[in-house]
């Protein structure tokens, strides 16, 4: 991973090396993202369901100091604001201290298993902190009493909560500058219990089904904490007579938690596929993770207004041959992408990815893990026998920046996002992400590499001649 640090209080001799490393890292990332973007014509990849939002600014925050082997770094620590697609607002804390937050980055609700939380034994303690601190606990006088301080401002409460979270999520040594905020961080850190991962706000299970025309394909089960969801039938298949129905065979336009939905495909339908969407308005559960495929800093939910959430499911059908239903999910425990293929056909289905061929026998279901490197962007399309392509795109982001660069830590503490606060004292983390100058920085990085390699070559030749 490419690390982004706040400006040190005391400048070290390693600053130049750190700058060069960031330039090289930016160059590599630009190449990967360009390759991924070229495949966009294959269709838009879908998330696993839930809320999708755009990150705003760091709204309520104080100051924290990260202590590491290169010195002390000051960052802002507190709550971000996110704007939900379709309506709604989210409040989030960071769980990746040294990774910058990209301005206006798109985020989607993600299971812990697809983030660094999936392999973090302290993830449950982070959720406990969220449930027992600001803004879930908005009685600041009561929170101050528990922390053993006279009073807390909103800024103190947000900073102390973020510092406590970083001590678990990133494993670095970090302190809040304000004494009240620091005491709150200590109280939350030492009092944290272990809570399970919250359920998703809205998902469809399974996200893909397949079968023969003339039958109901499914069921696809709705899982949500919303009172009801709106069901949008596949517009592209309506002309072919494909309907979304319930267990009784009647068309449905709304459903609720536990509802079972089916694709009703006419017997004379040509081989093809369709997609249904369900949408609802609900509050997203505290503790849900939010990730971005632009490598922007991973967030964890601290509060939610009534927000729009959505999920999709696909169906494929054919009268003969292989009929695969394909879905994918990031698997941080295995450092890869899990692709699940269910073949309801009478022939085997074979596909190749990254030089490896995978075969799903007729009537079988298999999950294969495509190994990926940390921070690796992927973008590929699997074409089914009917000619439809299923696109999977994203970035594998399973480790915090500190873990990726081998940062040593001194306590249970976890540093704050070096971007939530910025790269210099008082800088807003939200302003430290990628900008339009990224290609220029990448070009400069390449130039420095070329010049450095040339200089080394000249020195080597001179020494050889002298010898």
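The numbered conditions (1) touching a residue at least 24 places away in the same chain (Cβ under 8 Å); (2) surrounded by 15 or more Cβ atoms within 10 Å (Cβ to Cβ); (3) more than 14 Å from residue 316 (Cβ to Cβ) are all true for residue 385 except (3). For residue 186, the stated conditions hold: it is in a helix (DSSP H, G or I), without any contact (Cβ under 8 Å) to a residue 40 or more places away in the chain and either crowded, with 17+ Cβ neighbours inside 10 Å or within 23 Å of the chain's Cα centre (by Cα) (or both).
Name the single residue, out of those in segment 49-64 being within 13 Å of the chain's Cα centre (by Cα) and surrounded by fewer than 20 Cβ atoms within 10 Å (Cβ to Cβ), that is nearest to residue 156 (Cα to Cα). Looking at the filtered set, the residue picked out is 54. Close contacts from segment 79-94, counting a first residue that is free of Cβ contacts under 8 Å to residues at least 40 places away in the same chain and at negative phi and a second that is surrounded by fewer than 20 Cβ atoms within 10 Å (Cβ to Cβ) and not in a loop (DSSP other than H, G, I, E, B), with Cβ to Cβ under 8 Å and a gap of 6+ residues or different chains, come to 81/56; 81/57; 81/59; 81/89; 83/54; 83/56; 83/89. Based on this model, can you work out whether residue 329 counts as over 16 Å from the mean Cα position of the chain (by Cα) and at negative phi? Criteria not met by residue 329. Any idea which residue in segment 200-217 is nearest to residue 365 (Cα to Cα), counting only those that are in contact with a strand residue (DSSP E or B) (Cβ under 7 Å, 6 or more places away or on another chain) and assigned to a loop (DSSP other than H, G, I, E, B)? Among residues in segment 200-217 that are in contact with a strand residue (DSSP E or B) (Cβ under 7 Å, 6 or more places away or on another chain) and assigned to a loop (DSSP other than H, G, I, E, B), the one nearest to residue 365 (Cα to Cα) is 206. Against the list (1) farther than 28 Å from residue 131 by Cα; (2) surrounded by fewer than 21 Cβ atoms within 10 Å (Cβ to Cβ); (3) in contact with a strand residue (DSSP E or B) (Cβ under 8 Å, 6 or more places away or on another chain), the condition residue 320 fails is (3). Is it fair to say residue 340 is assigned to a strand (DSSP E or B) and either within 28 Å of residue 225 (Cα to Cα) or in contact with a helix residue (DSSP H, G or I) (Cβ under 6 Å, 6 or more places away or on another chain) (or both)? Judged against the criteria, residue 340 is a match.
Closer than 19 Å to residue 86 by Cβ and out of contact with any strand residue (DSSP E or B) (no Cβ under 6 Å at 6 or more places or on another chain) - does that describe any residue in segment 284-300? For segment 284-300, residues closer than 19 Å to residue 86 by Cβ and out of contact with any strand residue (DSSP E or B) (no Cβ under 6 Å at 6 or more places or on another chain): present. Taken over segment 91-139, the residue count meeting the criterion of being within 14 Å of the chain's Cα centre (by Cα), assigned to a loop (DSSP other than H, G, I, E, B) and within 16 Å of residue 301 (Cβ to Cβ) is 6. Residue count for segment 323-337, restricted to those that are crowded, with 24+ Cβ neighbours inside 10 Å and in a loop (DSSP other than H, G, I, E, B): 1. Given the condition at pLDDT below 95 and either part of a loop (DSSP other than H, G, I, E, B) or at positive phi (or both), answer yes or no: does some residue in segment 228-237 qualify? Yes: segment 228-237 contains one or more residues that are at pLDDT below 95 and either part of a loop (DSSP other than H, G, I, E, B) or at positive phi (or both).
In the set (1) in a strand (DSSP E or B); (2) touching a residue at least 12 places away in the same chain (Cβ under 8 Å), the condition left unmet by residue 359 is number (2).
Can you name every residue in segment 146-163 that is in contact with a strand residue (DSSP E or B) (Cβ under 9 Å, 6 or more places away or on another chain) and either in a helix (DSSP H, G or I) or touching a residue at least 60 places away in the same chain (Cβ under 8 Å) (or both)? Explain how you work it out, then say what you get.
Just the residues of segment 146-163 that are in contact with a strand residue (DSSP E or B) (Cβ under 9 Å, 6 or more places away or on another chain), to begin with: 153-163.
154, 155, 156, 157, 158, 159, 160, 161, 162, 163 - these are the residues of segment 146-163 that are in contact with a strand residue (DSSP E or B) (Cβ under 9 Å, 6 or more places away or on another chain) and either in a helix (DSSP H, G or I) or touching a residue at least 60 places away in the same chain (Cβ under 8 Å) (or both).
The values are calculated or read from the model by the stated rules, or taken from the named source; none is laboratory data. Here the structure is a predicted model, which is why all the values come from computation and not from measurement. Positions of Cβ are backbone-derived with ideal geometry, glycine not excepted, and every protein chain shown enters the neighbour counts.
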